[in-house]
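Okay, structure first, notes after.
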There are 2 protein chains.
Amino acid sequence: MLCNRYCREMKNIDTLLHARWVIPVDGKNRFLEHHCIAIHDDRILEILPCDDAREKYSASVSRNYDQHALIPGLINSHTHAAMNLFRGLADDLGLMDWLENHIWPAESLHVNEAFVHTGTELAIAEMIRGGTTCFNDMYFFPDITARVAADIGMRASVGLILIDFPTVWANNSEEYIDKGLAVFDHYKGHELIKTAFAPHAPYTVSDQPLKRIRTLSDELELSIHMHIHETAHEVSEARKNTGVRPLTRLYELGLLTPALQAVHMTQLHDDEIPLLASSGSHVIHCPESNMKLASGTCPVKALHDAGVNVALGTDSSSSNNDLDMFGEMRSAAMLAKISTMDATAVPAEQALQMATINGARALGIDDITGSLEPGKFADIVAVNFDTIETVPVYDPVSHLVYCSSREHVSDVWIAGRQRLTDRVLNTIDESRLKADCIRISENIREN
Amino acid sequence: MLCNRYCREMKNIDTLLHARWVIPVDGKNRFLEHHCIAIHDDRILEILPCDDAREKYSASVSRNYDQHALIPGLINSHTHAAMNLFRGLADDLGLMDWLENHIWPAESLHVNEAFVHTGTELAIAEMIRGGTTCFNDMYFFPDITARVAADIGMRASVGLILIDFPTVWANNSEEYIDKGLAVFDHYKGHELIKTAFAPHAPYTVSDQPLKRIRTLSDELELSIHMHIHETAHEVSEARKNTGVRPLTRLYELGLLTPALQAVHMTQLHDDEIPLLASSGSHVIHCPESNMKLASGTCPVKALHDAGVNVALGTDSSSSNNDLDMFGEMRSAAMLAKISTMDATAVPAEQALQMATINGARALGIDDITGSLEPGKFADIVAVNFDTIETVPVYDPVSHLVYCSSREHVSDVWIAGRQRLTDRVLNTIDESRLKADCIRISENIREN
């Protein structure tokens, strides 16, 4: 042989990330040690041992994460991002008291384009700093939400909200849908932004617009993002008003399909779980919001055992009060254990799946993100395990869920572009953003 | 008048801490804005408006916390500090599997003086960085735990452990008690360190040593720190073996007094709550450990309504997996709400009391710490609210519990001495400590 390993031509690529641990969440329940992620043209090219990577690739950017775990970017599958500006406005209250006497009045007074712009920017800043690279939103002015996310370089599924009553965003279901479709059109084919229909809840959206959304969802291949069975009160009121449970009504309207993202689902009869499983619908679990508002407990283990895809969301910062997916993973695991009295329920690996690949499946984007696999976009988070709070390390997966926290996120890439470097945001001016938020909050506090 | 306000003599003191918010936890359910804490001779001299403080005092050290809340140092009322070196060693397991098949074997192989020294140092480093200024410990080698805490300048109540079986620390109850009393003698009158008897649990300590501890507790005025009713299994086994529930047995042995710190208490009959209340015994609630091990839920709201003092602890890092009292406050509030289906249960103010003044009461040190009041030691934590995760602020108390986290702790004082400055530990070399921990963990991993 004339050519040995040393004269083999090296391939030039964009980025090499060498890491102590790589947790790919690729369905093989494993972690890799001393591996490297090769990135080119915004996507993951290969994951290979560091030594092999040094021989095979030369990269424009090469970085070492000797004490870090690289994980897929977390996916927050249920947010109302702009509500970050209301966080802490009303705490220690039940859902309907909180909504009717505090949040809805505050929204009617304060929500406008500027509020949504700044609130969404604050939420995205918090999410990126906490290792979240994609969020699934539902709020007014989805056009603003989409634009802010695109400008920052954040991945998002933006909900095209629909609610029976008039708001500052639209006056009636036709207008909600028309304005939503304009946002859909604008972002069609965008690398980072997709859209989904977001009818608020069964108790706030009537049959006619739901039927129209069902048809449009089929035609345009859009997901449907909806609060369902958040509380027992919602279910009992619906039975009084319609004679059936909300899930039954949605089933009869044809909404239980793989396009449906059913958020909360704290109330489930045993026969509803197989119905969800056979429909291919997804459940979005929001444990901290459900606990804080005393809404109820989603039976995550039973859903998982039945084959339902369960993703994870924080809900808004007004009911949580953060967008911290590390905290949400821990809470999901702990709530599952205590509610089933089974310490093996929702183990660490499953909590991590809920926060990554399961979210991607629910949002219909698991072909492009949600795990670290060749061909997918490089949505990657580096978590520093070399801190007082995180030494020593025995199992990096359980460590990630039960020991490390959002503050250990050091670096974040979204579609191959670095958006956080050593805990500093690259596309957001933190000082200016904080000043904007404080200015808006002073107005809210005075009213 | 010859002398106006400008010529009045200023008093020279050690320290002035000016803050945007002061949350004193002084029983008045309030926060103060633009107030200053004046500190002299390790104790709080006065809390007064910043403008008044500038006129009245000149201080050797004066610092401004314009965007911070000053709160009492948090009290972690149940720890096994040295077990930080085992964190993440065995997760997603029930209590007895976890104890019998993982933790006890690991302890018998690895626990020695060096382990306890380094593990305790790691735990104290984590606690101070997380705003905890006092911990209530139970572990082997309490002499080492006490020495490490005293050397670092950490406040602690060190448990004089007692268990029926021989361990590396002692061989029989006489030796456990004798060695414990030597530790008690050594630290009598120490400014930071006190001791308490720590019989492990009803199922591991028999009647005779418990009676002796009861007598000694009275004579020496020492608290008794004990796991009680952690799981339903413990209670049912005790009924089989003794004919009565553990709490009944302890009552009959005379242990239900204001000296008792009953840890966990997830199993309580309705008639046991008034018994606890009338005895003046304290309950230490460990929500995250109880959730993660699926042990059960302590009825905090019912205990509180009955007048029982309930404090808060993390339990060990092996079952939690951190010593984060901010996380524990949130978990206590959320678990109380979901377990009672009442969103008003354990509101933020009460969670904060559990983590501060209630802990001081349980440990018998509420005359010297647990709140920010003149005459008490200056055990103070500054929490930075000027971060992406913590703007805007509406109610600083709910913000502290539901929004801020351990990483927002910037500065910590214990008995007037600054132990954390801008997140850097003043009396611990972090790099050396991390290296020590990693070296010990490599030995544990290999065995």
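The values are calculated or read from the model by the stated rules, or taken from the named source; none is laboratory data. From a predicted model like this one, the values you see are computed outputs, not experimental measurements. Methodologically, a virtual Cβ is constructed for each residue, glycine included, from the backbone with ideal geometry; neighbour enumeration extends over all protein chains shown. Each accessible area value is taken on the protein alone, full model and side chains, heavy atoms only, with ligands, DNA and RNA left out. Shrake-Rupley method; radii C 1.70, N 1.55, O 1.52, S 1.80 Å.
Per-residue shielding of B:85-96, expressed as the average number of other chain Cβ atoms within 10 Å of the residue Cβ, stands at 6. Surface composition of chain B: carbon and sulfur atoms hold 47% of the protein heavy-atom accessible area at a 1.4 Å probe. A 1.4 Å probe over all protein chains sorts A:Arg87, A:Arg249 by accessible area into A:Arg249, A:Arg87, starting with the largest. The 1.4 Å probe gives accessible areas that order B:Leu45, A:Leu433, largest first, as B:Leu45, A:Leu433. The mean number of partner chain beta-carbon atoms within 10 angstrom of a residue's beta-carbon across peptide B:399-409 is 4. For trypsin sites (Lys or Arg not before Pro), the sites in region A:25-81 that DSSP calls loop and that have at most 13 other Cβ atoms within 10 Å are A:Lys28, A:Arg30. Shape analysis of region B:231-313 places it in the oblate category; the axes a ≥ b ≥ c from the Cα gyration tensor give an a/c of at least 1.5, with a/b not above b/c. Taking the three principal axes of the alpha carbon atoms in region A:394-447, the coordinate ranges are 51, 27, 17 Å, sorted in descending order. Relative to the compact-globule estimate of 2.2 N^0.38 Å, the Cα radius of gyration of region A:94-224 comes out at 1.05.
Peptides A:346-352, A:275-281 ranked from most to least packed give A:346-352, A:275-281, packing being the mean of other C-beta atoms within 10 angstrom over each peptide's residues. Counting Cβ atoms of other protein chains within 10 Å of each residue's Cβ and taking the mean over peptide A:321-328 gives 3.
Chain B against chain A buries an accessible area of about 5200 Å², both chains summed, 1.4 Å probe radius.
At A:Arg63 and B:Ala114, where each label point lies 7 Å from the Cα along Cα→Cβ, what is the point-to-point distance in nanometres? My value for the distance between the label points is 3.7 nm.
Contact order for region B:74-363, expressed relative to its length and based on alpha carbon pairs under 8 Å spaced 6+ residues apart, stands at 21 percent.
Each semi-axis of the equivalent ellipsoid for the protein assembly as shown is √(5λ) with λ an eigenvalue of the Cα gyration tensor; in descending order they amount to 44, 32, 30 Å. Only one residue of A:Gly119, A:Thr167, A:Trp413 has its Cα farthest out toward the positive end of the dipole of chain A, where Lys and Arg carry +1 and Asp and Glu -1 on Cβ, and that residue is A:Trp413. The loop-placed GluC sites (Glu not before Pro) in region A:171-264, going by DSSP, that have at most 16 neighbouring Cβ atoms within 10 Å of their Cβ come out as A:Glu191, A:Glu221.
Antiparallel beta bridges, as assigned by DSSP with both residues in region A:1-155, represent about 45 percent of the total such bridges.
In the context of the full set of protein chains, residues of region A:272-429 present 21 Å² of accessible surface per residue (probe radius 1.4 Å, heavy atoms only). Overall, region A:333-438 carries a charge dipole of about 240 debye about its Cα centre when +1 sits on the Cβ of Lys and Arg and -1 on the Cβ of Asp and Glu, all other atoms neutral. On the basis of the beta-carbon distance and an R0 of 51 Å, B:Glu55 and A:Ala435 show a calculated FRET efficiency of 0.95. Dividing the convex hull volume of the alpha carbon atoms of region A:332-447 by its residue count gives 189 Å³ per residue. Once you divide the Cα radius of gyration of region A:74-363 by 2.2 N^0.38 Å, the number left is 0.91.
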